1. Are any of the residues in the range 203-220 open to solvent by 80 Å² or more (accessible area, probe 1.4 Å), among the aliphatic types (A, V, I, L, M) and in contact with a helix residue (DSSP H, G or I) (Cβ under 6 Å, 6 or more places away or on another chain)?
2. Give the number of residues within the range 4-26 that are surrounded by 10 or more Cβ atoms within 10 Å (Cβ to Cβ) and farther than 13 Å from Ile111 by Cβ.
3. Out of Pro133, Pro113, I need the residue that is of a type outside the set (A, V, I, L, M, F, W, C) and touching a Phe, Trp or Tyr at 6+ places or on another chain (Cβ under 8 Å). Which one?
4. Out of everything in the range 48-68 that is part of a helix (DSSP H, G or I) and of a type in the set (D, E, K, R), what residue ends up being nearest to Val186 (Cα to Cα)?
5. Taking only the range 51-88 into account, find how many residues are buried (at least 17 other Cβ atoms within 10 Å of the Cβ), under 24 Å from Thr165 (Cα atoms) and not hydroxyl-bearing (Ser, Thr, Tyr).
6. So Gly179 ticks every box in (1) touching a residue at least 24 places away in the same chain (Cβ under 8 Å); (2) small (Gly, Ala, Ser); (3) at positive phi but one. Which box is left unticked?
7. Somewhere in the range 82-90, is a residue in a strand (DSSP E or B) and either free of Cβ contacts under 8 Å to residues at least 24 places away in the same chain or not aliphatic (A, V, I, L, M) (or both)?
8. Scan Glu137, Glu235 and give me the residue that is exposed (fewer than 14 other Cβ atoms within 10 Å of the Cβ) and more than 21 Å from Asn115 (Cα to Cα).
Amino acid sequence: MTQLLNEYEQPVGIPMPGWKPRPRPERVTLEGRYCSLQPLDAARHAGSLWAAHETAEDDRLWTYLTAGPFNNTSEFHAYVHRNATSVDAIHFAVVDRATHQALGTLSLMRIDPANGVIEVGHVAFSGLMQRTPSATEAQFLLMRYVFDELKYRRYEWKCDHLNVTSQTAARRLGFQYEGLFRQAVVYKGRSRDTAWFAITDADWPTVGRAFDKWLSPENFRNGQQLRSLTQIRTE
């Protein structure tokens with residue numbers, strides 16, 4: 001693409017005529033085929049979330065999250081209540097449509113309407129939903145809301161660079177790796193180098209179509225995928 005220059009022959013970015021700040025996301029319910037995203041509510045969701053997390057053999061889910069693990073249901077209920085009433089991030093419960101139980105949570109955070117930038121974070125999917133269509137669909141429902149309804153330009157994913165599982169998940173979902181922010185965070189008494197990933201509105205048509213095809217019932221036989229999300233996206 002030809003480089004744009006200003007009157008001083010300096011390279012400049014692509015013009016954005018008519019750009020306006022985007023709306024802030026709201027506490028909406030997003031319906032999918034396998035799950036729904038519901039605004040997190042401690043009274044409604046904390047019990048089933050605790051029960052789902054209690055099925056885990058150990059506490060490794062919480063290693064790279066800023067909160068947890070929790071010693072008892074009271075501590076966990078307080079954590080869910082803080083997230084549900086947060087004014088900085090909007091947290092959602094992932095509710096399985098078959099059982100009507102909340103099995104995980106995720107949020108929209110670092111919300112920047114002026115620049116159309118937003119981050120998905122606080123992803124805590126219990127073992128009951130990991131590696132299921134619901135886990136993928138939950139991410140898709142939030143992306144679709146951000147790009148198709150709110151018209152944001154950039155959707156970010158950040159994680160501890162030592163969290164290989166998170167980095168693998170980001171790439172599978174269509175995020176592109178953008179770099180490493182060294183010594184970016186201190187949490188749980190540890191230093192964190194943060195790996196940055198993002199999907200832009202230019203990426204979204206390809207990424208979104210792949211989700212639609214992957215989530216189709218025709219892509220599953222006896223509960224097993226026929227084509228991977230990565231394979232579909234690169235076809």
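1. Just the residues of the range 203-220 that are open to solvent by 80 Å² or more (accessible area, probe 1.4 Å), to begin with: 209, 212-213, 218.
Imposing the further condition that a residue be among the aliphatic types (A, V, I, L, M) reduces the set to none.
For the range 203-220, residues open to solvent by 80 Å² or more (accessible area, probe 1.4 Å), among the aliphatic types (A, V, I, L, M) and in contact with a helix residue (DSSP H, G or I) (Cβ under 6 Å, 6 or more places away or on another chain): absent.
2. Filtering the range 4-26 down to residues surrounded by 10 or more Cβ atoms within 10 Å (Cβ to Cβ) leaves 4-5, 12, 19-26.
Of the ones still in play, those that are also farther than 13 Å from Ile111 by Cβ are 4-5, 12, 19-20.
Residues flagged as surrounded by 10 or more Cβ atoms within 10 Å (Cβ to Cβ) and farther than 13 Å from Ile111 by Cβ within the range 4-26 amount to 5.
3. So the residue among Pro133, Pro113 that is of a type outside the set (A, V, I, L, M, F, W, C) and touching a Phe, Trp or Tyr at 6+ places or on another chain (Cβ under 8 Å) is Pro133.
4. By that ranking, first place goes to Arg60.
5. The number of residues fulfilling the criteria is 8.
6. That leaves (1) as the condition not met.
7. No, the range 82-90 has no match at all.
8. Values: Glu137 fails: exposed (fewer than 14 other Cβ atoms within 10 Å of the Cβ).
Selected residue: Glu235, the only one of Glu137, Glu235 that is exposed (fewer than 14 other Cβ atoms within 10 Å of the Cβ) and more than 21 Å from Asn115 (Cα to Cα).
The values are calculated or read from the model by the stated rules, or taken from the named source; none is laboratory data. Because the structure is a prediction, the values reported are computed rather than measured. Virtual Cβ from ideal backbone geometry, glycine too; neighbours counted across all protein chains shown. Quick note on the areas: whole protein, heavy atoms, side chains included, nothing else; ligands and nucleic acids left out. Shrake-Rupley method; radii C 1.70, N 1.55, O 1.52, S 1.80 Å.
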